[in-house]
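Structure, as C-alpha coordinates:
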Amino acid sequence: MVNILNPKLLDLRVCAGEASNFSDVESVATPQATEQWQPVSHDGLVKDFRSAIANTPNLDIVQEHHTLHRYGQRYFGLFQVKGIARKHDAEVGTIFGLRNSHDKSSRAMVCAGDAPFVCTNMIFNNEIVLGRKHTTHIMRDLPSLLGRAIGQLCDSWITSEKRIDSYKSTEIDDRIAHDLIVRGFRNGACSKTQVTDIVNQWHAPQHEDFEGRDLWSLSNAFTNIYRGNLTNTAKRSASLHSVLDTYANSRTPKVAEVINAS
(Lines give C-alpha, C1' and ligand atoms only; values in the text may rest on other atoms or scores of the structure.)
Protein backbone atom coordinates (compact mmCIF):
# COMPACT_ATOMS: atom_id res chain seq x y z
CA MET A 1 0.00 0.00 0.00
CA VAL A 2 1.21 3.50 -0.80
CA ASN A 3 0.56 6.92 0.67
CA ILE A 4 -0.85 9.08 -2.13
CA LEU A 5 -1.19 12.83 -1.69
CA ASN A 6 -3.59 14.78 -3.92
CA PRO A 7 -3.99 12.20 -6.67
CA LYS A 8 -5.64 13.12 -9.95
CA LEU A 9 -9.21 11.86 -9.84
CA LEU A 10 -11.23 10.48 -12.73
CA ASP A 11 -14.95 10.96 -13.24
CA LEU A 12 -16.10 7.43 -12.47
CA ARG A 13 -19.72 8.22 -13.35
CA VAL A 14 -18.89 7.77 -17.04
CA CYS A 15 -19.53 4.04 -17.16
CA ALA A 16 -21.25 3.05 -13.95
CA GLY A 17 -24.11 5.54 -13.71
CA GLU A 18 -25.63 7.32 -10.70
CA ALA A 19 -23.72 6.75 -7.47
CA SER A 20 -24.98 4.67 -4.57
CA ASN A 21 -23.60 4.91 -1.05
CA PHE A 22 -21.65 1.84 0.02
CA SER A 23 -24.04 1.54 2.96
CA ASP A 24 -26.79 0.96 0.36
CA VAL A 25 -24.67 -1.77 -1.22
CA GLU A 26 -24.19 -3.40 2.19
CA SER A 27 -27.94 -3.31 2.85
CA VAL A 28 -28.84 -5.39 -0.22
CA ALA A 29 -29.97 -8.83 0.89
CA THR A 30 -28.28 -11.78 -0.81
CA PRO A 31 -30.73 -14.42 -2.12
CA GLN A 32 -30.81 -17.91 -0.68
CA ALA A 33 -28.35 -20.24 -2.38
CA THR A 34 -29.47 -23.41 -4.13
CA GLU A 35 -27.59 -26.59 -4.87
CA GLN A 36 -26.42 -25.30 -8.26
CA TRP A 37 -26.50 -21.52 -7.78
CA GLN A 38 -24.36 -19.70 -5.23
CA PRO A 39 -25.00 -15.92 -5.22
CA VAL A 40 -22.30 -13.61 -3.90
CA SER A 41 -23.11 -10.59 -1.76
CA HIS A 42 -22.32 -7.30 -3.51
CA ASP A 43 -20.52 -5.87 -0.50
CA GLY A 44 -18.61 -9.12 -0.01
CA LEU A 45 -17.21 -8.86 -3.54
CA VAL A 46 -16.12 -5.27 -2.89
CA LYS A 47 -14.52 -6.14 0.43
CA ASP A 48 -12.63 -9.05 -1.14
CA PHE A 49 -11.37 -6.68 -3.85
CA ARG A 50 -10.28 -4.08 -1.30
CA SER A 51 -8.44 -6.79 0.61
CA ALA A 52 -6.67 -7.98 -2.54
CA ILE A 53 -5.51 -4.42 -3.29
CA ALA A 54 -4.41 -3.89 0.31
CA ASN A 55 -2.28 -7.04 0.06
CA THR A 56 -0.58 -5.83 -3.13
CA PRO A 57 2.60 -3.81 -2.53
CA ASN A 58 2.71 -0.30 -4.01
CA LEU A 59 -0.95 -0.25 -4.99
CA ASP A 60 -3.82 1.66 -3.40
CA ILE A 61 -7.43 2.65 -4.10
CA VAL A 62 -7.82 6.43 -4.41
CA GLN A 63 -11.58 6.58 -5.08
CA GLU A 64 -14.62 4.34 -5.54
CA HIS A 65 -17.96 4.61 -7.34
CA HIS A 66 -20.81 2.18 -6.61
CA THR A 67 -24.13 1.86 -8.37
CA LEU A 68 -27.11 -0.48 -8.01
CA HIS A 69 -29.67 -1.42 -10.65
CA ARG A 70 -32.91 -3.40 -10.76
CA TYR A 71 -33.72 -2.73 -7.10
CA GLY A 72 -30.31 -3.91 -5.97
CA GLN A 73 -30.26 -7.10 -8.00
CA ARG A 74 -27.32 -5.85 -10.08
CA TYR A 75 -24.17 -4.13 -8.86
CA PHE A 76 -21.50 -2.17 -10.78
CA GLY A 77 -18.43 -0.67 -9.18
CA LEU A 78 -15.48 1.33 -10.47
CA PHE A 79 -12.24 1.84 -8.54
CA GLN A 80 -9.39 4.16 -9.47
CA VAL A 81 -6.07 2.74 -8.29
CA LYS A 82 -2.65 4.31 -8.08
CA GLY A 83 0.75 3.02 -7.23
CA ILE A 84 3.69 2.00 -9.36
CA ALA A 85 4.84 4.92 -11.51
CA ARG A 86 3.94 4.64 -15.18
CA LYS A 87 5.37 6.49 -18.16
CA HIS A 88 1.97 7.98 -18.96
CA ASP A 89 0.63 8.30 -15.41
CA ALA A 90 0.22 12.06 -15.89
CA GLU A 91 -2.11 11.42 -18.83
CA VAL A 92 -4.11 8.30 -17.94
CA GLY A 93 -5.52 6.80 -14.77
CA THR A 94 -5.99 3.13 -13.94
CA ILE A 95 -9.46 1.74 -13.27
CA PHE A 96 -10.84 -1.57 -12.03
CA GLY A 97 -14.44 -2.52 -12.71
CA LEU A 98 -16.49 -4.99 -10.67
CA ARG A 99 -19.83 -6.49 -11.63
CA ASN A 100 -22.19 -8.80 -9.77
CA SER A 101 -25.80 -9.93 -10.00
CA HIS A 102 -28.45 -11.59 -7.89
CA ASP A 103 -30.87 -12.21 -10.77
CA LYS A 104 -28.66 -14.65 -12.72
CA SER A 105 -28.20 -12.07 -15.49
CA SER A 106 -24.40 -12.11 -15.39
CA ARG A 107 -21.28 -13.57 -13.86
CA ALA A 108 -19.24 -11.99 -11.11
CA MET A 109 -16.63 -10.09 -13.14
CA VAL A 110 -13.51 -8.01 -12.71
CA CYS A 111 -11.81 -6.02 -15.47
CA ALA A 112 -9.16 -3.32 -15.61
CA GLY A 113 -8.02 -0.59 -17.92
CA ASP A 114 -7.23 3.09 -18.45
CA ALA A 115 -8.98 6.43 -18.83
CA PRO A 116 -7.39 9.73 -19.93
CA PHE A 117 -7.59 12.38 -17.20
CA VAL A 118 -8.67 15.04 -19.69
CA CYS A 119 -11.98 13.35 -20.47
CA THR A 120 -12.10 10.02 -18.57
CA ASN A 121 -13.04 8.04 -21.67
CA MET A 122 -12.81 4.48 -20.46
CA ILE A 123 -11.20 1.58 -22.28
CA PHE A 124 -10.51 -1.78 -20.70
CA ASN A 125 -7.45 -3.89 -21.40
CA ASN A 126 -8.70 -6.93 -23.27
CA GLU A 127 -6.11 -9.05 -21.44
CA ILE A 128 -7.87 -8.43 -18.11
CA VAL A 129 -11.52 -9.43 -18.21
CA LEU A 130 -12.09 -12.28 -15.78
CA GLY A 131 -15.41 -13.74 -14.69
CA ARG A 132 -16.84 -16.57 -12.63
CA LYS A 133 -20.32 -18.07 -12.74
CA HIS A 134 -22.29 -18.19 -9.49
CA THR A 135 -21.83 -21.91 -9.02
CA THR A 136 -20.40 -24.14 -6.31
CA HIS A 137 -17.08 -22.99 -4.82
CA ILE A 138 -17.35 -19.42 -6.17
CA MET A 139 -16.51 -18.03 -2.72
CA ARG A 140 -13.39 -20.20 -2.67
CA ASP A 141 -12.36 -19.05 -6.17
CA LEU A 142 -13.04 -15.30 -5.88
CA PRO A 143 -9.85 -14.32 -4.02
CA SER A 144 -7.67 -16.03 -6.63
CA LEU A 145 -9.72 -14.46 -9.43
CA LEU A 146 -9.20 -10.99 -8.00
CA GLY A 147 -5.53 -11.68 -7.33
CA ARG A 148 -5.00 -12.82 -10.93
CA ALA A 149 -6.64 -9.66 -12.26
CA ILE A 150 -4.41 -7.42 -10.13
CA GLY A 151 -1.31 -9.37 -11.16
CA GLN A 152 -2.27 -9.15 -14.82
CA LEU A 153 -2.83 -5.40 -14.46
CA CYS A 154 0.72 -4.84 -13.24
CA ASP A 155 2.08 -7.03 -16.03
CA SER A 156 -0.08 -5.31 -18.64
CA TRP A 157 1.20 -1.80 -17.85
CA ILE A 158 4.19 -2.45 -20.10
CA THR A 159 1.86 -3.43 -22.95
CA SER A 160 -0.37 -0.45 -22.25
CA GLU A 161 2.53 2.01 -22.34
CA LYS A 162 3.75 0.56 -25.64
CA ARG A 163 0.23 0.74 -27.05
CA ILE A 164 -0.16 4.42 -26.17
CA ASP A 165 3.26 5.23 -27.64
CA SER A 166 2.43 3.27 -30.78
CA TYR A 167 -0.95 4.97 -31.23
CA LYS A 168 0.54 8.44 -30.72
CA SER A 169 3.31 7.82 -33.25
CA THR A 170 1.00 6.39 -35.94
CA GLU A 171 -0.34 9.30 -37.98
CA ILE A 172 -3.43 8.77 -40.14
CA ASP A 173 -5.51 10.85 -42.51
CA ASP A 174 -9.29 11.07 -42.85
CA ARG A 175 -9.44 8.27 -45.41
CA ILE A 176 -7.63 5.82 -43.12
CA ALA A 177 -9.62 6.98 -40.08
CA HIS A 178 -12.91 6.35 -41.91
CA ASP A 179 -11.70 2.90 -42.99
CA LEU A 180 -10.68 1.99 -39.43
CA ILE A 181 -14.02 3.20 -38.07
CA VAL A 182 -15.81 0.86 -40.48
CA ARG A 183 -13.46 -1.96 -39.54
CA GLY A 184 -14.13 -1.23 -35.90
CA PHE A 185 -17.89 -1.41 -36.45
CA ARG A 186 -17.60 -4.69 -38.34
CA ASN A 187 -15.40 -6.08 -35.58
CA GLY A 188 -17.84 -5.10 -32.80
CA ALA A 189 -16.02 -2.02 -31.48
CA CYS A 190 -19.19 0.07 -31.78
CA SER A 191 -22.81 -0.19 -32.82
CA LYS A 192 -24.18 0.92 -36.19
CA THR A 193 -25.88 3.92 -34.58
CA GLN A 194 -22.58 5.08 -33.04
CA VAL A 195 -20.58 5.25 -36.29
CA THR A 196 -21.72 8.79 -37.11
CA ASP A 197 -20.87 10.02 -33.60
CA ILE A 198 -17.38 8.53 -33.86
CA VAL A 199 -16.82 10.16 -37.25
CA ASN A 200 -17.93 13.48 -35.79
CA GLN A 201 -15.57 13.05 -32.82
CA TRP A 202 -12.72 12.37 -35.23
CA HIS A 203 -13.38 15.50 -37.30
CA ALA A 204 -14.24 17.74 -34.35
CA PRO A 205 -12.79 16.28 -31.11
CA GLN A 206 -14.55 17.35 -27.95
CA HIS A 207 -11.16 17.80 -26.28
CA GLU A 208 -8.21 19.62 -27.83
CA ASP A 209 -5.82 16.95 -26.53
CA PHE A 210 -7.17 14.66 -29.25
CA GLU A 211 -6.87 17.02 -32.20
CA GLY A 212 -3.73 15.21 -33.38
CA ARG A 213 -4.32 13.12 -36.47
CA ASP A 214 -3.13 9.78 -35.11
CA LEU A 215 -4.44 6.49 -33.73
CA TRP A 216 -4.52 7.88 -30.18
CA SER A 217 -7.05 10.51 -31.25
CA LEU A 218 -9.08 7.93 -33.19
CA SER A 219 -9.08 5.61 -30.19
CA ASN A 220 -10.51 8.38 -28.05
CA ALA A 221 -13.09 9.20 -30.73
CA PHE A 222 -14.41 5.68 -30.14
CA THR A 223 -14.21 5.72 -26.34
CA ASN A 224 -15.81 9.15 -26.11
CA ILE A 225 -19.11 7.61 -27.18
CA TYR A 226 -18.88 4.58 -24.85
CA ARG A 227 -21.45 5.14 -22.13
CA GLY A 228 -22.66 1.60 -21.61
CA ASN A 229 -22.20 -0.93 -18.83
CA LEU A 230 -18.99 -2.71 -17.93
CA THR A 231 -19.74 -5.68 -20.16
CA ASN A 232 -20.23 -3.63 -23.33
CA THR A 233 -17.21 -1.42 -22.62
CA ALA A 234 -14.95 -4.42 -22.02
CA LYS A 235 -16.10 -6.21 -25.19
CA ARG A 236 -15.83 -3.10 -27.34
CA SER A 237 -12.41 -2.28 -25.91
CA ALA A 238 -11.12 -5.70 -26.94
CA SER A 239 -12.57 -5.29 -30.45
CA LEU A 240 -11.13 -1.80 -30.83
CA HIS A 241 -7.67 -2.89 -29.70
CA SER A 242 -7.63 -5.73 -32.19
CA VAL A 243 -8.34 -3.32 -35.06
CA LEU A 244 -6.03 -0.46 -34.04
CA ASP A 245 -3.21 -2.71 -32.83
CA THR A 246 -3.24 -4.55 -36.15
CA TYR A 247 -2.98 -1.31 -38.09
CA ALA A 248 -0.29 0.15 -35.81
CA ASN A 249 1.80 -3.02 -36.10
CA SER A 250 1.47 -2.95 -39.89
CA ARG A 251 2.92 0.58 -39.86
CA THR A 252 5.96 -0.40 -37.77
CA PRO A 253 9.07 -0.35 -39.98
CA LYS A 254 10.61 -3.78 -40.48
CA VAL A 255 14.31 -4.27 -39.66
CA ALA A 256 15.19 -4.50 -43.35
CA GLU A 257 13.34 -1.26 -44.07
CA VAL A 258 15.26 0.54 -41.31
CA ILE A 259 18.60 -0.74 -42.65
CA ASN A 260 17.77 0.26 -46.21
CA ALA A 261 16.66 3.72 -45.11
CA SER A 262 19.87 4.36 -43.18
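The values are calculated or read from the model by the stated rules, or taken from the named source; none is laboratory data. Everything numeric in this text was worked out from a predicted model, so none of it was measured. Cβ placement follows ideal geometry from the backbone for every residue including glycine, while neighbour counts extend to all protein chains displayed. These area figures cover heavy atoms from the full protein model, side chains too; ligands, DNA and RNA do not enter into them. Shrake-Rupley method; radii C 1.70, N 1.55, O 1.52, S 1.80 Å.
Annotations for the structure displayed:
- For LYS8, the lysines whose Cα falls under 29 Å of its own Cα, not counting residues fewer than eight places away in the same chain, are LYS47, LYS82, LYS87, LYS162, LYS168, LYS235.
- Residues with amide H under 5 Å from that of VAL62, placed H, sequence gap 5 or more: GLN80, VAL81, LYS82
- ³J(HN,Hα) computed for each position of segment 146-160 - Karplus, 6.51 cos²θ - 1.76 cosθ + 1.60, integer Hz, glycine/proline x: 5, x, 5, 4, 5, x, 5, 4, 4, 5, 6, 4, 5, 4, 5
- Carbon and sulfur %, accessible surface of the chain computed with the full protein complex present, 1.4 Å: 49
- Taking the Cα centre of the chain as reference, the dipole from Cβ charges on Lys and Arg (+1) and Asp and Glu (-1) amounts to some 740 debye.
- Each Cα pair under 8 Å and six or more residues apart adds its sequence gap; the mean of these over the residue count of the chain is a relative contact order of 18 percent.
- Using the rule -39500 (n - 2.57) for each DSSP H run of four or more residues, divided by the residues of the chain, the 222 nm mean residue ellipticity is -14000 deg cm²/dmol.
- Using a Förster distance of 30 Å, the FRET efficiency for ALA204-ALA19 (Cβ separation, nearest 0.05): 0.45
- Karplus-derived 3J(HN,Hα), 6.51/-1.76/1.60, for each residue of segment 68-83, Hz, glycine and proline x: 10, 10, 6, 6, x, 6, 10, 10, 10, x, 10, 9, 8, 10, 8, x
- Toward the positive end of the charge dipole of segment 83-218, with +1 on the Cβ of Lys and Arg and -1 on the Cβ of Asp and Glu, the farthest Cα among GLN201, MET109, TYR167 is that of MET109.
- Applied to segment 43-48, the Karplus parametrisation 6.51 cos²θ - 1.76 cosθ + 1.60 on θ = phi - 60° returns per-residue 3J(HN,Hα) values of 5, x, 4, 4, 5, 5 Hz, with x for Gly and Pro.
- The magnitude of the dipole of segment 184-228, with charges of +1 and -1 set on the Cβ of Lys/Arg and Asp/Glu and taken from the Cα centre, is near 320 debye.
- Relative contact order (%) - criterion: Cα under 8 Å, at least six apart; region: segment 13-81: 35
- Rounded if a/c under 1.5, otherwise prolate or oblate - the chain, Cα gyration tensor axes: prolate
- Förster radius 22 Å - calculated FRET efficiency between ASN249 and THR196, Cβ distance, rounded to 0.05: 0.20
- Proximity of backbone amide H atoms, modeled 1.01 Å from N, is registered between ALA112 and GLY97, ASN125, ILE128 at under 5 Å, excluding neighbours fewer than 5 places apart on the same chain.
- Extension gain for LYS162-SER144 works out to 3.7 nm (0.36 nm per residue, less the C-alpha to C-alpha distance).
- Prolate/oblate/rounded label for segment 27-181 (Cα gyration tensor, a/c 1.5): prolate
- Among PHE49, PHE22, PHE76: highest mean-square fluctuation, GNM of the chain, C-alpha pairs under 10 Å: PHE22
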